[in-house]
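S.K.: Supplied in structure tokens, the structure appears directly below.
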Amino acid sequence: MTLKVTKFGGSSVSQASQFKKVKDIVLSDPDRRFVVVSAPGKRFSSDSKITDLLYLLDAHRQYHVDASNVFDLIKARFVEIKETLHLKYPVEKELDALYQNLSSLSQNEIVSRGEYFCAKLMAEYLGFPFLDAADVIRVNHDKTIDWDATKARLKTAMNQYDHFVFPGFYGLSNNGKIMVFSRGGGDITGSILANIIEADVYENWTDVSGFLMADPRIVKNPEPITHITYSELRELSYMGASVLHEEAVFPVKESNIPIHILNTNAPNDQGTIIQERNKVQRKYPITGLAGKPGFLSIYVYKKHMSNEVGYMRKVLSVLERFNVSIEHIPSGIDSFTAIVARNEVEDGLYEILHAIKQAVQPDELKVLDNIALVSTVGNSMSHQPGMAGRLFEALGREGISIVMIAQDSNEINITVGVDEKDLARTIQCIYAEFVQPSNVDVQIYETAPSKGKSLI
């Protein structure tokens, strides 16, 4: 038997019709014994998420504004689910009690109720026991997980229940107060349970069928990514390609528990399996590519810079003083370039440049704006001689100028900087070079042996 932790996101529990899909999915596989749910999400594009409405409810409370209209919207959503599915849980009474006690509740407790009430309704609908996250997950004051306390409580609960429904997004602080995670924290809850339960797989059900090799708004009908490593996911997510809360990766990565991204609305789709150590068949020499605009470069040149110890450090210290993160640092013998996000420097750019001049007296200091970064990612690239050459040649054929090149020592990622106006064309060009049928090259990429159960 395969042990699964199964998490359903907000779109999967947005209304009664989605609850029915969840029930079909859970009951179709007896291995799906531990179910985590988010608060109901949007039913349509102009709709509101329950969590957003709860934050709005709290804002009304804080500013002593009548919140009845917001509360009525929240209550109507939960009542629709209850009545349509003919459930008995008295969600109306509990919501009314919440509203009556609103002034005495913290923001964390108020916004956590979306997951709480959703899990209560889902537990009854599935015929599963309800286990409250506040009774299990312990959170330190810095919002890190108290693993020892959480493990002890979950192990105790599992002596009582061999299956349950569990609300995501929150836990209890060591001083007994509800604490919520960052938005999307239901993913974190699922990965915590998977880690402690030692699950064979963590299923994450959402409204997309996993990851695609490129943004479908840029590349028409991009190929799906059926398998990806955590390292590759990290690279692509950093450039904006993500359907999973970033912090949800770490609890399962440690144990090499695979995450399976699946679509509640298309449950038969293959989805994407995320796992670090396994044997992966690669249909293409790259795993995916992603890009985003909004960067600029600060170019620093000084004659005989290489002979001056600490020169680069002094420049980086200036950027640190202004709280600026550095994306990449391409360098030469007597020059280097700091690539930074435009929004981090635009309000104080002239002050930063002045501080750099004072600190290191460069012979030349200039800024190039309107840069987009495009990352081509794939563990298999290190086994493919000439990958960088093919990429640069393809861009050259299209007349796309490269303003920056960066490649890590593991050769998992080649990042190029281009003019923002060339962002879409760059992604299309690289995709066509490596993913078109004429370039198919099946590769096997083997990593360290898996400690968890491989789904491949």
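S.K.: Below 8 Å, C-alpha to C-alpha, sequence gap of six or more: please give me the relative contact order for the chain in percent.
M.R.: This gives 14 percent for the chain.
S.K.: Hey, what angle do you get for helix 16-27 against the long axis of the chain, alpha-carbon based, 0 to 90 degrees rounded to 10?
M.R.: Roughly 90 degrees, rounded to the nearest 10.
S.K.: Rg/Rh for region 133-233 to two decimals, with Rh computed the Kirkwood way over all alpha-carbon pairs.
M.R.: Rg divided by Rh gives 1.08.
S.K.: Along the charge dipole of region 288-444, Cβ charges K/R +1 and D/E -1, which of N370, Q436, L289 sits furthest on the positive end?
M.R.: Looking along the dipole axis, the top candidate is N370.
S.K.: Which residues does a label at E393 reach in region 406-439, if reach means a backbone N under 14 Å from a point 7 Å past the Cα toward the Cβ?
M.R.: So the set is 433-434, 439.
S.K.: Would you kindly state how much longer the chain becomes between K42 and R313 on full extension, computed as 0.36 nm times their sequence separation minus their alpha carbon distance, in nm to one decimal?
M.R.: The span from K42 to R313 would gain 92.8 nm if fully extended.
S.K.: Pick out, from P129, L233, A199, the residue whose Cα sits farthest towards the positive end of the charge dipole of the chain, with +1 on the Cβ of Lys and Arg and -1 on the Cβ of Asp and Glu.
M.R.: Checking the options against the dipole of the chain, the answer is P129.
S.K.: If the cut-off is a Cα-Cα distance under 21 Å, which lysines reach K220, setting aside same-chain residues fewer than 8 apart in sequence?
M.R.: Partners within reach: K283, K292, K421.
S.K.: Also, I was wondering about something else. Charges only on Cβ, +1 for Lys and Arg, -1 for Asp and Glu: so what's the dipole of region 33-171 about the Cα centre, in debye to the nearest 20?
M.R.: Here region 33-171 has a charge dipole of around 300 debye.
S.K.: A further question on this structure: Arranged from highest to lowest average of other beta-carbon atoms within 10 Å per residue, in what order do the peptides 358-369, 163-174 appear?
M.R.: Ranking, from highest mean packing down: 163-174, 358-369.
S.K.: At 0.36 nm per residue, and after removing the present C-alpha to C-alpha distance, how many nm does the segment from A59 to K177 gain when stretched out fully?
M.R.: 40.5 nm is the gain from fully extending A59 to K177.
S.K.: Given a Förster distance of 30 Å, report the FRET efficiency between E320 and N108 from their Cβ-Cβ distance, rounded to the nearest 0.05.
M.R.: It comes out at approximately 0.40.
S.K.: Another one. Dividing the alpha-carbon radius of gyration of the chain by 2.2 N^0.38 Å (N being the number of residues), what value is obtained?
M.R.: 1.11
S.K.: Dipole size in debye (nearest 20) for region 247-363 around its Cα centre, Lys and Arg Cβ +1, Asp and Glu Cβ -1?
M.R.: The calculation lands at about 440 debye.
S.K.: Report, ordered by chain and residue number, the aspartates and glutamates lying within cross-link reach of K120, taken as a straight Cα distance under 12 Å and ignoring same-chain residues fewer than 8 apart.
M.R.: Reachable aspartates and glutamates: E94, D132.
S.K.: With +1 on each Lys and Arg Cβ and -1 on each Asp and Glu Cβ, how big is the dipole of the chain about its Cα centre, in debye rounded to the nearest 20?
M.R.: In total the dipole reaches around 620 debye.
S.K.: Taking the Cα atoms only, what angle lies between the long axis of helix 107-126 and the longest principal axis of the chain, rounded to 10 degrees?
M.R.: The answer is roughly 60 degrees.
S.K.: Assuming 0.36 nm per residue, please report the length gained on full extension of the stretch A266 to D66 beyond their Cα-Cα distance.
M.R.: 67.9 nm
S.K.: Less than 9 Å Cβ to Cβ from K302, Lys/Arg counted +1 and Asp/Glu -1: what total charge do the surrounding residues give?
M.R.: -3
S.K.: Let me ask another. Can you check what the net charge comes to around V26, using other residues whose Cβ is under 12 Å from the Cβ of V26 (Lys, Arg +1; Asp, Glu -1)?
M.R.: Residues close to V26 contribute a combined charge of +3.
S.K.: Follow-up. Within region 119-133, name every residue whose backbone N is under 19 Å away from a label modeled 7 Å from Cα of K88 along the Cβ vector.
M.R.: Flagged as within label range: 119-131.
S.K.: Counting only helical runs of four or more DSSP H residues, what would the 222 nm mean residue ellipticity of the chain come to if each run contributes -39,500 (n - 2.57) and the total is spread over all its residues?
M.R.: -11000 deg cm²/dmol
S.K.: How fast does region 4-207 diffuse by Stokes-Einstein, in µm²/s, taking the Kirkwood radius from C-alpha pairs at 10 °C and 1.306 mPa s?
M.R.: 93 µm²/s
S.K.: Tilt of helix 423-435 relative to the longest C-alpha principal axis of the chain, in degrees (0 to 90, nearest 10)?
M.R.: 90 degrees
S.K.: May I pose another question? Taking the dipole about the Cα centre of region 288-444, with the C-beta of Lys and Arg at +1 and of Asp and Glu at -1, give me whichever of G332, Y299, Q361 is farthest to the positive side.
M.R.: About the Cα centre, the residue reaching furthest to the positive side is Q361.
S.K.: According to the square roots a ≥ b ≥ c of the eigenvalues of the Cα gyration tensor, what is the shape class of region 1-83, taking rounded for a/c under 1.5, prolate for a/b larger than b/c otherwise, and oblate for the remainder?
M.R.: Note, shape of region 1-83 comes out prolate.
S.K.: Also: Return the percentage of antiparallel bridges among DSSP beta bridges fully within the chain, rounded to the nearest 5 %.
M.R.: 65 percent
S.K.: Is the shape of region 288-444 best called rounded, prolate or oblate, per the rule: a/c under 1.5 gives rounded, else a/b larger than b/c gives prolate, else oblate, with a ≥ b ≥ c the square roots of the Cα gyration tensor eigenvalues?
M.R.: Note, shape of region 288-444 comes out prolate.
All of the numbers you see were taken from the coordinates with simple rules; none came from a lab. Since the structure is predicted, the reported quantities are computational estimates derived from the model, not experimental observations. When we count neighbours, we look across all protein chains shown, and the Cβ atoms used for this are built from the backbone with ideal geometry, even at glycine.
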